[in-house]
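Read-outs throughout are calculated quantities, based only on the coordinates presented, and are distinct from any laboratory measurement. All values reported here derive from a predicted model rather than from experimental measurement. Because the Cβ atoms are built from the backbone with ideal geometry, glycine has one as well, and the counts that use them run over all protein chains shown.
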Amino acid sequence: MKNFKLKKTIGIIGGGQLGRMMAYEAYKMGFFVYVLDPDPDAPAMQICHKPIVASYDDEGAIFQMVKECDVITYEFENVNPELLLEFRKEIPIHPNPEILKISKNRNKEKELAHRYGISIPKIFPIRTVQNQKESIETLYHELRKTNIDWIIKTAEGGYDGKFQIFFPSQTITLSDFEQKLSEIFRAFKKDTIEIIIEERLNFSFEFSVISCGIKDQNGNYRIEFFHPFINYHKDGILRKTFLSLQKEVQFLEELQNKITQLMRDFDYIGLLTIEFFYKENEIFFNEMAPRPHNSGHLTIEAYDYSQFHQHVRAISKLPVHKPKPHSYAGMLNLVSFNRIDEQPYLVEEILKYPKTYFHYYGKKEAKQKRKMGHITVLQSEFHHVQTIIEELERKIYAHEFINQ
Ligand code: ADP
Ligand code: MG
């Protein structure tokens with residue numbers, strides 16, 4: 001293990017907006033930042049000291065980071081855990097890549113949650129589907145028989161609601177189902193795909209818990225939690241998040257104890273995010289991400305220590321404190337948002353609101369469902385946060401509200 005030094009070099013695998021925000025925090029402390037991504041224009045690549053253009057699994061490129069950095073982290077899950085575990089013998093790599101083996105796969109992460117006593121939605125016991133008429137028809141009829149509404153997700157590779165099929169048992173037609181599956185087969189270029197079929201819960205709300213695993217200089221392990229964030233999705237993609245402090249999640253302490261146990265068992269350093277559903281006084285695990293999370297973006301302005309700041313400190317073995325909010329807050333994602341130069345009036349409109357912060361990730365193209373930036377709103381009254389976020393949402397997504 002290399003000893004602590006002030007001029008630290010941090011390597012981040014993945015150059016998206018999470019990497020970019022992580023890099024900003026590392027910069028503030030005078031650290032030197034490497035980022036590895038195949039796209040030289042990726043958000044974090046544009047602003048780091050040392051961009052390495054290579055695929056995420058390029059052994060030579062990761063080895064360069066191993067030689068030249070003091071610590072390595074990653075900002076997404078599309079990394080080969082075995083490769084990182086191998087390199088971990090030479091350099092600290094956080095979070096523990098063992099968690100990646102599990103969090104990459106929706107079946108495995110749900111099994112893990114269940115083992116730690118966290119409820120999961122009902123799972124239909126079929127885990128693979130073949131690109132073959134008979135196999136698809138059998139699955140269709142089996143599911144229809146249940147009379148339950150299901151969501152079918154690929155076990156791996158999905159994000160922002162991608163590669164998911166909503167299966168309303170009463171109404172879905174076979175041809176509709178076949179067509180949706182064929183799109184997934186085409187994207188995966190495989191004849192057999194691992195899936196998870198889970199009951200579609202009619203939840204009262206969704207929330208996420210972001211926690212930070214910390215080992216202090218004496219080797220004592222502890223966790224600091226952010227307050228649960230209440231999340232609203234649109235078409236499977238996060239639209240807005242609120243830090244309400246009023247809508248308390250019941251059984252939170254019990255939940256935190258289970259998360260603590262899980263993280264402790266993985267000797268987990270850095271951020272872990274878990275998404276949950278809340279329904280009739282019961283908490284259901286949805287998915288986990290071993291990294292900072294979109295629902296934690298409001299911590300940048302609303303907390304004394306942001307999620308990115310906590311992560312950088314934790315993985316660099318620096319003292320970490322309990323993060324505290326100093327305001328009510330809300331976050332609105334800018335999804336498929338056109339480039340700023342095409343809509344300068346909208347940016348001005350946003351910035352007219354007091355205590356409203358505009359983030360833009362510098363992505364070259366505004367593709368459909370791509371997260372381009374976000375807005376954070378702070379207010380001393382929660383209902384003011386809600387009013388402003390909803391007003392902004394109507395202005396920015398005006399096309400969605402035309403017929404209302
Ligand atoms: P992703 O990796 O794309 O974020 P998720 O499993 O979190 O995948 O699904 C995205 C969103 O779809 C969730 O945040 C939720 O709004 C909705 N969703 C997913 N699974 C379920 C479910 N079992 N019941 C109800 N809604 C769900
Ligand atoms: Mg999700």
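Results, tabulated for the structure shown:
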read-out: Percentage, to the nearest whole number, of Cα pairs in region 149-268 over 16 Å apart; value: 73 percent
read-out: Neighbour-limited loop hits for trypsin sites (Lys or Arg not before Pro), region 327-404 (at most 16 other Cβ within 10 Å; DSSP other than H, G, I, E, B); value: ARG339, LYS352, LYS355, LYS364, LYS367, LYS369, ARG370
read-out: Rg/Rh ratio calculated on Cα atoms of region 74-186 (Kirkwood radius); value: 1.06
read-out: Range of Cα positions in region 1-79 per principal axis (Å), largest first; value: 30, 24, 19
read-out: 4 °C / 1.567 mPa s Stokes-Einstein diffusion coefficient of the chain, Kirkwood radius on C-alpha pairs, µm²/s; value: 58 µm²/s
read-out: Net charge dipole size for the chain [Lys, Arg +1 and Asp, Glu -1 on Cβ; Debye, nearest 20]; value: 680 debye
read-out: Farthest toward positive dipole pole in the chain [+1 Lys/Arg, -1 Asp/Glu at C-beta], among TYR232, TRP150, PHE163; value: TYR232
read-out: For region 305-357, alpha-carbon Rg relative to the globular expectation (2.2 N^0.38 Å, N residues); value: 1.64
read-out: Over 27 Å between alpha carbons, listed pairs LYS162/LYS364; LYS122/LYS145; LYS67/LYS108; LYS234/LYS364; LYS7/LYS367; value: LYS67/LYS108; LYS7/LYS367
read-out: Principal axes of region 36-118: Cα extent on each, largest first, Å; value: 43, 28, 17
read-out: Residues listed by number, region 22-64, amide nitrogen under 14 Å from ASN80 label point at 7 Å toward C-beta; value: 55-64
read-out: Region 307-366 - charge dipole about Cα centre, Lys and Arg +1 at Cβ, Asp and Glu -1, debye rounded to 20; value: 540 debye
read-out: Virtual spin-label span in nm between GLU365 and THR192, 7 Å along Cα→Cβ; value: 3.5 nm
read-out: Calculated FRET value between ARG115 and GLU348, using beta carbons and R₀ = 41 Å, to 0.05; value: 0.20
read-out: Rg to Rh quotient for region 257-404, alpha carbon positions, Kirkwood Rh; value: 1.01
read-out: Relative contact order of the chain, pairs being alpha-carbon contacts under 8 Å that are 6 or more residues apart, as %; value: 14 percent
read-out: Residue among LEU334, GLN261, SER316 farthest towards the positive dipole end of the chain, charges placed on Cβ; value: SER316
read-out: Descending semi-axes in whole angstrom, ellipsoid equivalent of region 91-156, from the Cα gyration tensor; value: 31, 16, 7
read-out: Contact order normalised by residue count of region 232-387, Cα under 8 Å, 6+ apart, percent; value: 22 percent
read-out: Semi-axis lengths, Å, region 161-200, gyration tensor of Cα atoms, sqrt of 5 times eigenvalues; value: 18, 13, 8
read-out: Dipole moment magnitude, nearest 20 debye, region 226-384 about Cα centre, only Lys, Arg, Asp, Glu C-beta charged; value: 460 debye
read-out: Separation of alpha-carbon centers, region 239-306 and region 96-155, rounded to whole Å; value: 22 Å
